[in-house]
Amino acid sequence: MAQAAPTPGGITSGGMRSGGMMGRIRANRAARPTRTPDLFDDRVHAVGRYGIPVVLGLVYGLWAAANRRGGGEITGWNILFGFVTAIAFIVLCIAVATFAPLLKRELHSLVKSGFAGAAVGFLYSQTGESIYRSVALGVVVTAGIFLVFFYRYYTREDGAGNRIR
């Protein structure tokens, strides 16, 4: 069965004018901010809020200990260094994730990218390379991540920091 294409102001198949109910639905959709659907409940988000930094911290501590060891034997001090590094990373990661969104978008981007750059610079410094190369790598990583985060927050927030999408 063939159907006619809708025309502006014409009668739809339901007997209503296209400017009626459909126009109001389109207007409401345009006024509402669109969000992606939330697939998980609050419990999963609460576990993820602390579980992800813990897992990342353990991986980071293992990586830092392996860099410092340089392929040599595993010692008790090396294991202790890995756990202390992991705990410091976890605490800082949770602090950044908690307090950075409260800042304006420029500082929000800078705090998150500064944390990432410092983390990469510290990992590189554990390999025994020059501290200047570690600092340079940390600054380059910070600048790159800052640009990505700033663009993301700039296109998804208004000037007051309210999300628009």
(message) Pull out all pairs, ordered by first then second residue, where Cβ-Cβ is under 7 Å, the residues are six or more apart or on different chains, the first lies in region 107-128 and is more than 15 Å from Ala88 (Cα to Cα), and the second is assigned to a loop (DSSP other than H, G, I, E, B) and modelled with pLDDT under 95.
(response) Val111/Leu103; Gly128/Gly70
(message) Quick check on my filter: what residues within region 97-138 are closer than 22 Å to His45 by Cβ, part of a helix (DSSP H, G or I) and of a type outside the set (Gly, Ala, Ser)?
(response) Thr98, Phe99, Pro101, Leu102, His108, Val111, Lys112, Phe115
(request) Quick one: count up the residues across region 69-96 that are under 30 Å from Thr155 (Cα atoms), out of contact with any helix residue (DSSP H, G or I) (no Cβ under 7 Å at 6 or more places or on another chain) and of a type outside the set (Val, Ile, Thr). (result) 1
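Every residue, every condition in (1) more than 20 Å from Phe115 (Cβ to Cβ); (2) modelled with pLDDT under 95; (3) touching an Asp or Glu at 6+ places or on another chain (Cβ under 7 Å), yes or no:
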site: Val47; (1), (2), (3): yes, yes, no
site: Gly51; (1), (2), (3): no, yes, no
site: Ala66; (1), (2), (3): yes, yes, no
site: Gly76; (1), (2), (3): yes, yes, no
site: Ile79; (1), (2), (3): yes, yes, no
site: Ala86; (1), (2), (3): no, no, no
(message) Under 9 Å between Cβ atoms, which residue pairs at least 6 apart in sequence (or on different chains) link something in region 84-106 that is under 12 Å from Pro53 (Cα atoms) with a partner that is charged (D, E, K, R) and exposed (fewer than 13 other Cβ atoms within 10 Å of the Cβ)?
(response) Ile94/Arg49; Ala97/Arg49; Thr98/Arg49
(request) For region 70-80, state whether one or more residues are touching a residue at least 24 places away in the same chain (Cβ under 8 Å) and within 26 Å of Phe149 (Cβ to Cβ). (result) no
(message) Kindly evaluate Thr12 against the criterion of being over 30 Å from Leu107 (Cβ atoms), of a type outside the set (A, V, I, L, M), modelled with pLDDT under 90 and outside the structural domain of Gly128 (by TED's automatic domain parsing).
(response) yes
(message) Just checking, does region 45-55 include any residue being within 24 Å of Val120 (Cβ to Cβ), of a type in the set (Ser, Thr, Tyr) and outside the structural domain of Gly121 (by TED's automatic domain parsing)?
(response) yes
(request) Tell me which of these Leu62 doesn't satisfy, since it passes every other one: (1) part of a helix (DSSP H, G or I); (2) without any contact (Cβ under 8 Å) to a residue 12 or more places away in the chain. (result) (2)
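The values are calculated or read from the model by the stated rules, or taken from the named source; none is laboratory data. Every value quoted in this text rests on a predicted model; they were computed, and no experiment measured them. Ideal geometry is used to build each Cβ from the backbone, glycine not excepted, and the neighbour counts take in all protein chains shown.
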